[in-house]
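The values are calculated or read from the model by the stated rules, or taken from the named source; none is laboratory data. Remember, it's a predicted structure, so these values are computed and weren't measured experimentally. Because the Cβ atoms are built from the backbone with ideal geometry, glycine has one as well, and the counts that use them run over all protein chains shown.
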Amino acid sequence: MTAMLNIKDLRAYYGQVQALHGLSFSLNEGSLTTLLGANGAGKTTTLRAICNMVRSTGAIEFEGKPLSGKSTENVVRLGIAHVPQGRGTFTTMTVEENLQLGAITRNDKKGVVADIERMYEHFPVLKERHTQQAGTLSGGEQQMLAVARALMLRPRLMLLDEPSFGLAPLIVRELFKILGKINREDKVTILVVEQNAQLALELADKAYVIETGRIVMSGSAAEIANNEDVRKSYLGY
Amino acid sequence: MELFINQVLAGIATGAIYACMALAVVMIYQAIDHLNFAQGEMAMFSTFIAWQLMQWGVPYWWAFLLTLAFSFAGGIAIERMLFKPLAKAPVLTNVAGFIALFAIVNSVAGLTWDFTIKQFPTPFGSSPFLGSQLISTHQAGMIGVTVGLLILLYLFFQFTRIGLAMRAAASLPESARLVGINTSWMIALGWGMASAIGAIAGILIAPVVFLEPNMMGGVLIYGFAAAVLGGLTSPLGAVIGGFLVGVFENLAGTYIPGVGNELKLPIALALIITVLVLKPAGLFGRPIVKRV
């Protein structure tokens, strides 16, 4: 089986500081993969490198095509949606405008209208608030909006950067349930970066563990969840 | 009472021009976080282009439209050649760039068309508007064109896809790129539009202040004042600020003894400083809160 996303020997830099030290991994089409790691391990940098938002070397291939040298917006136009840390909500615009922005590269007007309705089915709270300024939404609602905005692209691959951050446990469970549904029903390949290892491992079918800019462990989510070291370091029991 | 109404209406008419300049300044400020000191000179140059076209026998409204197209393209060209390379440069480098642009445009205009004052035609005439002595037809035309322009801009930004993309790029460039918006071209487009709006302001005010390379100096200061008064983060605020400054300037000149024409400008600026002391983000601006 060929991988949808193939990353080889990825190194990334912030100025003089190197954040990734030769990272390699791959994602299978239709999979739901999680990238685990502590603060500062390089999880966010990995996602940012995929979208060319940070200076990096190495090879990143999406569906056989190299991504290096492409601008962020052109990477996105290939069908890679990125839900950034902090959600990236357009806070001064309405909920509906945020959804329209998610589909700004699409030319099928009818499809966009239908997709907005579909998002309102996935996330009924967004429908209730569709004329409201997005900045007035609660953290959980803004995260739902960020996921919905990313889905409006009709992505082939979705990258999520700590979607659980700052959310109540109940909301996180609800959000992860929706992510699982999107993965199964809409056939969107998902890579989710998480500090909340327990929930992420319940959701994912494959997992990688990253430490100081390198992949130190990989396997099925179940294997990783049962690994002694992972349990001690990330699950806390 | 008639004097009062007359002064208010005249203030609204010049205020319309300040509003256009303020809007042009705010559009570029929103896109690149810098004040374009050369906005007035760009508008003056555009006005000379319109004048030159009319000298060659092009009818007024054709000259108007051609000038807008030229200014739009010129604004984009200036952004691509001068300010795109400076995008990541420090603030002072950008300021130097704006001053250079100011000086270059001013001298090129002076060299090409010399510094003598020229008459600029008005398509509206200068007879009393609808038989009333309160306002001239040209002043009414200034207000009409500006209001029409503002409505068009509002519709563009609220209801078109590219308007939405431009707003997104200005408010959160990184998120905008993540939904696939080419933010760099949105900035260029903002420059083009700002330049065209400035051209409209220049063409409308030229019959009043007469055409010469330094014609926009005072106008731009009022435009800046209007933008700051309304809030540099709010296009609507800038427009309202423009009208307020225009009206206030006229009323101060008329009613405060000893002010007259010479002291109008300092009085208007004093008002603005007062407002800013009380409300630093401007009347309609949003204070920028950064999470740390």
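What do you reckon, is residue B:120 hydrophobic (A, V, I, L, M, F, W, C), more than 14 Å from chain A (Cβ to nearest Cβ) and buried (at least 20 other Cβ atoms within 10 Å of the Cβ)?
Yes, satisfied.
State yes or no: is residue A:139 out of contact with any helix residue (DSSP H, G or I) (no Cβ under 6 Å at 6 or more places or on another chain), among the small types (Gly, Ala, Ser), away from every other protein chain (no Cβ under 11 Å) and surrounded by fewer than 16 Cβ atoms within 10 Å (Cβ to Cβ)?
Details: out of contact with any helix residue (DSSP H, G or I) (no Cβ under 6 Å at 6 or more places or on another chain): yes; among the small types (Gly, Ala, Ser): yes; away from every other protein chain (no Cβ under 11 Å): yes; surrounded by fewer than 16 Cβ atoms within 10 Å (Cβ to Cβ): yes.
Yes; evaluated as a whole, the condition is true for this residue.
Only one of B:47, B:14 is under 20 Å from residue B:224 (Cβ atoms), in contact (Cβ under 8 Å) with a residue 12 or more places away in the chain and touching a strand residue (DSSP E or B) at 6+ places or on another chain (Cβ under 8 Å); which?
B:47
Looking at region B:132-143, is at least one residue part of a loop (DSSP other than H, G, I, E, B), in contact with a helix residue (DSSP H, G or I) (Cβ under 8 Å, 6 or more places away or on another chain), away from chain A (no Cβ under 14 Å) and loosely packed, with under 14 Cβ neighbours inside 10 Å?
Within region B:132-143 (the criterion being part of a loop (DSSP other than H, G, I, E, B), in contact with a helix residue (DSSP H, G or I) (Cβ under 8 Å, 6 or more places away or on another chain), away from chain A (no Cβ under 14 Å) and loosely packed, with under 14 Cβ neighbours inside 10 Å), the answer is yes, since at least one residue qualifies.
So residue B:178 ticks every box in (1) in contact with a His (Cβ under 9 Å, 6 or more places away or on another chain); (2) over 22 Å from residue A:89 (Cβ atoms) but one. Which box is left unticked?
That leaves (2) as the condition not met.
Only residues that are under 21 Å from residue B:112 (Cβ atoms), aliphatic (A, V, I, L, M) and surrounded by fewer than 15 Cβ atoms within 10 Å (Cβ to Cβ): list them for region B:36-95, please.
Hits for region B:36-95 are B:66, B:69, B:73, B:77, B:81.
So, of the residues in region A:190-237 that are of a type in the set (Asp, Glu) and touching a residue at least 60 places away in the same chain (Cβ under 8 Å), which turns out to be surrounded by the most Cβ atoms within 10 Å (Cβ to Cβ)?
Result: A:194.
Take residues that are within 13 Å of chain B (Cβ to nearest Cβ) and under 17 Å from residue B:177 (Cβ atoms) and tell me which of the strands (runs of 3 or more DSSP E) falling wholly in region A:9-102 contain 2 or more.
So the answer is A:80-83.
Could we say that residue A:125 is outside any loop (DSSP other than H, G, I, E, B) and either modelled with pLDDT under 90 or crowded, with 19+ Cβ neighbours inside 10 Å (or both) here?
So residue A:125 does not fit the description; no.
Are any of the residues in region B:248-261 of a type in the set (Ser, Thr, Tyr), crowded, with 16+ Cβ neighbours inside 10 Å, part of a helix (DSSP H, G or I) and in contact with a Leu (Cβ under 9 Å, 6 or more places away or on another chain)? Talk me through it step by step, then tell me what you get.
Step one: list which residues in region B:248-261 are of a type in the set (Ser, Thr, Tyr), which gives B:254-255.
Checking the rest, the ones that are also crowded, with 16+ Cβ neighbours inside 10 Å come to B:254.
Next cut, part of a helix (DSSP H, G or I) only: B:254.
Remaining after also requiring in contact with a Leu (Cβ under 9 Å, 6 or more places away or on another chain): B:254.
Looking through region B:248-261, at least one residue is of a type in the set (Ser, Thr, Tyr), crowded, with 16+ Cβ neighbours inside 10 Å, part of a helix (DSSP H, G or I) and in contact with a Leu (Cβ under 9 Å, 6 or more places away or on another chain).
Taking only pairs six or more apart or across chains, which ones have beta-carbon atoms under 9 Å, a first residue in region B:87-111 that is in a loop (DSSP other than H, G, I, E, B), and a second residue that is among the polar types (S, T, N, Q) and surrounded by 14 or more Cβ atoms within 10 Å (Cβ to Cβ)?
Qualifying pairs under 9 Å: B:87/B:94; B:87/B:184.
Do we find that residue B:104 is under 25 Å from residue B:207 (Cα atoms), surrounded by 13 or more Cβ atoms within 10 Å (Cβ to Cβ) and modelled with pLDDT of 90 or more in this structure?
Judged against the criteria, residue B:104 is a match.
Residue under question is residue B:262, and the condition is that it be away from chain A (no Cβ under 14 Å), among the charged types (D, E, K, R) and either farther than 30 Å from residue B:114 by Cα or in contact with a strand residue (DSSP E or B) (Cβ under 9 Å, 6 or more places away or on another chain) (or both); does it hold?
no
Looking at region A:108-116, is at least one residue more than 19 Å from the chain's Cα centre (by Cα), free of Cβ contacts under 8 Å to residues at least 24 places away in the same chain, surrounded by fewer than 19 Cβ atoms within 10 Å (Cβ to Cβ) and assigned to a loop (DSSP other than H, G, I, E, B)?
Within region A:108-116, one or more residues are more than 19 Å from the chain's Cα centre (by Cα), free of Cβ contacts under 8 Å to residues at least 24 places away in the same chain, surrounded by fewer than 19 Cβ atoms within 10 Å (Cβ to Cβ) and assigned to a loop (DSSP other than H, G, I, E, B).
Got a sec? Which of B:163, B:148, B:223, B:198 is of a type in the set (Gly, Ala, Ser), away from every other protein chain (no Cβ under 14 Å) and either outside any helix (DSSP H, G or I) or surrounded by fewer than 17 Cβ atoms within 10 Å (Cβ to Cβ) (or both)? Working first, answer last.
Details: B:163 fails: away from every other protein chain (no Cβ under 14 Å); B:223 fails: either outside any helix (DSSP H, G or I) or surrounded by fewer than 17 Cβ atoms within 10 Å (Cβ to Cβ) (or both); B:198 fails: either outside any helix (DSSP H, G or I) or surrounded by fewer than 17 Cβ atoms within 10 Å (Cβ to Cβ) (or both).
None of the other options fit; the residue is B:148.
Can you pull out the residues in region B:168-180 that are farther than 9 Å from residue A:101 by Cα and of a type in the set (A, V, I, L, M, F, W, C)?
Within region B:168-180, B:169, B:170, B:172, B:178 meet the criteria.
Checking the condition more than 12 Å from the chain's Cα centre (by Cα), hydrophobic (A, V, I, L, M, F, W, C), under 30 Å from residue B:123 (Cβ atoms) and more than 14 Å from chain A (Cβ to nearest Cβ), which residue from B:232, B:211 passes?
Only one candidate passes the filter, namely B:211.
Look through region A:22-39, keep the residues that are crowded, with 18+ Cβ neighbours inside 10 Å and over 18 Å from residue A:63 (Cβ atoms), and return whichever of them is modelled with the lowest pLDDT.
Step by step, filter region A:22-39, then rank; the result is A:37.
Considering each residue of region B:176-195, count those that are of a type in the set (Gly, Ala, Ser), crowded, with 24+ Cβ neighbours inside 10 Å and within 10 Å of chain A (Cβ to nearest Cβ), and give that number.
2
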